[in-house]
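S.K.: Starting off with a structure, shown below.
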Amino acid sequence: MILAFHSIFSCYGFWLPNEERGSWSTFVASWELLRFGPATKVDVRHSVAKRSYDRDRKRAMRETLAHSPVRLTGEQAKIVGQSLQGVAYNIHALAVSTIMFMSFWGGWSVTSGSRSAP
């Protein structure tokens, strides 16, 4: 039985499939990005965000993207949070930032911005 799950959704351009730090991607869909190497699939279950990487290289990689990286405005982040209130699961916690959002789904419910136990 699943009691809860944790979801992380990043916005376009936040984490690239062939970053030096690794990614959970197996394919690079952009020929422009592929110039920087194949997908850097990792098999670990913990975060690799703290690994060191070449920031100039990542900047160059982002410049090849078909569109600018998505950065949510405060209003857009608020809409993401509000839209998740309509899902069939109870949301225990929700964090929405300009570049990603994450949620912990399980035995709590969220209504009108307040949290209450089931």
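S.K.: If the viscosity is 0.890 mPa s and the temperature 25 °C, what Stokes-Einstein diffusion coefficient in µm²/s follows for the range 1-95 when Rh is the Kirkwood radius over Cα pairs?
M.R.: Numbers: Rh = 15.6 Å.
Approximately 157 µm²/s, per Stokes-Einstein.
S.K.: A follow-up question, please. Could you order His92, His46 so the one with the most accessible surface comes first? Probe is 1.4 Å. The partial results should precede the final answer.
M.R.: On the way: His92 60, His46 110 Å².
Greatest to least solvent exposure: His46, His92.
S.K.: Quick query: amide H of Lys41 versus all other amide H atoms, modeled in the peptide plane; which residues come in under 5 Å with a sequence gap of 5 or more or a different chain?
M.R.: It is Ser23, by chain and number.
S.K.: To the nearest 10 square angstrom, what accessible area does Asp56 show with a 1.4 Å probe?
M.R.: Result for Asp56: roughly 100 Å² accessible.
S.K.: I would also like to ask the following. Taking a ≥ b ≥ c as the square roots of the Cα gyration tensor eigenvalues, with a/c under 1.5 meaning rounded and otherwise prolate when a/b beats b/c, else oblate, which class fits the range 14-66?
M.R.: Values: a/c = 2.33, a/b = 1.35, b/c = 1.73.
Here the range 14-66 falls in the oblate category.
S.K.: Follow-up question, since we're still on this one. If I ignore ligands, DNA and RNA and count only protein heavy atoms, how much of Trp24 is accessible to a 1.4 Å probe, in Å² to the nearest 10?
M.R.: Accessible surface of Trp24 is approximately 130 Å².
S.K.: Express in Å², to the nearest 10, the accessible area of Leu65 obtained by rolling a 1.4 Å probe over the protein heavy atoms while all chains stay in place.
M.R.: 30
The values are calculated or read from the model by the stated rules, or taken from the named source; none is laboratory data. Model, not experiment: these values are computed from the prediction. In case anyone asks, the SASA skips ligands and DNA or RNA and just uses the protein heavy atoms, side chains included. Shrake-Rupley method; radii C 1.70, N 1.55, O 1.52, S 1.80 Å.
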